[in-house]
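Trainee: Here it is, the structure, as structure tokens.
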Amino acid sequence: MKPTIVVIIEHFNGQVKPVSHELVGFAQKLQQITGTAIRAVILDAHPAALAGQMADTWALDVTAVQVPGLASYNGEIYQSVLVDLLGEFEAAYVCSAHSSQGMDFAPALSVALNAACITGVEGILEEQGRVCFTTSIFGAKAVAHVQPTRDISILTIQSGMFKPQKPDNSGPGKVTIRSCECNTSKTRSTGIKKAETDMTGITEADVIVSAGQGLADKENVDLMYQLAALFTKSAVAGSRIVCDLGWLEYRCQVGVTGATVSPRLYIACGISGAVQHLVGMRNSEFIVAINKDPAAAIFQIADICIVEDLTTFIPALIEVYEKTKSEGGQNG
């Protein structure tokens, strides 16, 4: 068997996650460089339907591993099953999502296989005849080019970076179903409790004022609401760190583990521009970034860049707005 690119399909509640389709897009781009065949793997108690869906959509050969009792993700089972399967497939590259699930099993899998492990992959290059992967470092202020030196590479792929291409006049891929008895000795899944969050406010807003760690203090959150109040149909949002600190509720979070938004105007206040956040707001029509760090990565995608302390700039902006509004009313 020739070396292969293996895509690990991520799914939840009977549905293939959108990031799994993006993994196919990544694998397609990698295939253009390496000429290596692509195949996919899915693990579940009842994987046949989802395997058929991926095989039909992307003309991929899919191995569906039926694990009795696997009602939800279990990292120990994934590692146990994949170690044997990847060896059989002579996998050269293993593509998983840069998600809580992918980041759980990928490092352990790389140790078990004595493989390279490259996380948060955002791009693919070819340098000196070898494949090179790009990933953000130092809070997205720099990009590293990483070349694996092992025969097999375990990769976690950042969402929002790759779009799959529909196959040209190809028939559906082949689905192979296997059954595997796998018992866990160290961990067990007890189920998933869904957070009671409502993100409709930020997903439907025309203007979003978003807070980052550069806010520096919880008291400065009020500035976000004051700025948002200048616009109609506006909302306040934030990066993950702001929500983790308890400055905003998780329903306000934008990014990989939060909401994906596309407002007419996105005002990023004190946000560094880590790719995990950019994934959730890169489709905004117009982006204004306020940050006192001139090297902040957010400036790379912003339409207007304001290098200033937000606690100085925002009050000044509000003051000018109120003065202009007052003068306009008197003239009217």
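The values are calculated or read from the model by the stated rules, or taken from the named source; none is laboratory data. Keep in mind the model is a prediction, meaning the values are calculated, not measured. FYI the Cβ positions are ideal-geometry reconstructions off the backbone, even for glycines, and counts take in every protein chain you see. When the accessible area is computed, the model is the full protein with side chains, heavy atoms only, and any ligands, DNA or RNA have been set aside. Shrake-Rupley method; radii C 1.70, N 1.55, O 1.52, S 1.80 Å.
Trainee: At 222 nm, what helix-only mean residue ellipticity would the chain give, in deg cm²/dmol to the nearest 500, using -39500 (n - 2.57) for each DSSP H run of four or more? Numbers along the way, then the final one.
Mentor: On the way: 9 runs with 101 residues, N = 332.
Rounded to the nearest 500, it is -9500 deg cm²/dmol.
Trainee: Taking a ≥ b ≥ c as the square roots of the Cα gyration tensor eigenvalues, with a/c under 1.5 meaning rounded and otherwise prolate when a/b beats b/c, else oblate, which class fits the range 191-290? Spell out each step's value before the answer.
Mentor: Numbers: a/c = 1.37, a/b = 1.20, b/c = 1.15.
Rounded, because the longest to shortest axis ratio a/c is under 1.5.
Trainee: Find how much the distance from ASP303 to ALA144 grows on full extension, using 0.36 nm per residue of separation minus their present alpha carbon separation; answer in nm with one decimal.
Mentor: Values: separation 159, 0.36 × 159 = 57.24 nm, distance 2.51 nm.
Fully extending the segment from ASP303 to ALA144 adds 54.7 nm.
Trainee: Once you have the Cα-Cα distance between SER326 and SER179, take 0.36 nm times their residue separation minus that, and quote the gain in nm to one decimal. Before the final figure, lay out each step's value.
Mentor: Details: separation 147, 0.36 × 147 = 52.92 nm, distance 7.29 nm.
Once the chain is fully extended between SER326 and SER179, it gains 45.6 nm.
Trainee: Which distance in Å, rounded to a whole number, links the C-alpha centroids of the range 258-310 and the range 80-106?
Mentor: So the two Cα centres are separated by 33 Å.
Trainee: Please give the peptides 21-27, 187-193, 267-273, 220-226 ranked by average Cβ packing (other Cβ atoms within 10 Å per residue), highest first, as a rough proxy for protection. Walk me through the numbers before you get to the answer.
Mentor: Values: 21-27: 22.6, 187-193: 9.3, 267-273: 28.0, 220-226: 17.3.
Ranking, from highest mean packing down: 267-273, 21-27, 220-226, 187-193.
Trainee: Moving on to the next point. At a Förster radius of 25 Å, what calculated FRET efficiency corresponds to the Cβ-Cβ distance of ILE33 and ASP56, to the nearest 0.05?
Mentor: Values: r = 26 Å, r/R0 = 1.05.
Taking R0 as 25 Å, the efficiency between ILE33 and ASP56 is 0.45.
Trainee: How much length, in nm to one decimal, is gained on full extension between ASP293 and THR312, taken as 0.36 nm per residue of separation minus their Cα-Cα distance? The partial results should precede the final answer.
Mentor: Working: separation 19, 0.36 × 19 = 6.84 nm, distance 1.41 nm.
Gain on stretching ASP293 to THR312: 5.4 nm.
Trainee: How much of the accessible area of the range 9-164, in percent, comes from carbon and sulfur atoms when a 1.4 Å probe is used? Can you show the working numbers first?
Mentor: Values: 3120 of 6450 Å².
Here carbon and sulfur together make up 48 percent of the probe-accessible area.
Trainee: With Kirkwood's inverse mean 1/r over C-alpha pairs for Rh, give me the Rg to Rh ratio of the chain, two decimals please. Walk me through the numbers on the way to the answer.
Mentor: Numbers: Rg = 22.9 Å, Rh = 21.9 Å.
The Rg/Rh ratio comes out at 1.05.
Trainee: Distances over 22 Å make up what percent of all Cα-Cα pairs in the range 232-317?
Mentor: Details: 725 of 3655 pairs.
Of the Cα pairs, 20 percent sit more than 22 Å apart.
Trainee: Ok, one more. Mean separation of Cα pairs under 8 Å and 6+ residues apart, divided by the residue count of the range 173-308: what relative contact order is that in percent? Mind dumping the intermediate values first?
Mentor: On the way: 258 pairs, mean separation 27.9, N = 136.
It comes to 21 percent, rounded to a whole number.
Trainee: Hey, can you rank 171-183, 143-155 by average C-beta count inside 10 Å, highest first?
Mentor: 143-155, 171-183
Trainee: Okay, moving on. From the convex hull of the Cα coordinates of the range 1-99, what is the mean projected area in square nanometres?
Mentor: On the way: hull surface 23.8 nm².
For the range 1-99, the mean projected area of the Cα convex hull comes to 5.9 nm².
Trainee: Let me ask something else. Would you mind working out the accessible area per residue for the chain, using a 1.4 Å probe, and quoting it in Å²? Numbers along the way, then the final one.
Mentor: On the way: 16990 Å² over 332 residues.
With all protein chains present, the chain gives 51 Å² per residue.
Trainee: Right, something else. Counting DSSP beta bridges in the chain, what percent are antiparallel, to the nearest 5?
Mentor: Numbers: 13 of 61 bridges.
If I count the DSSP bridges inside the chain, around 20 percent turn out antiparallel.
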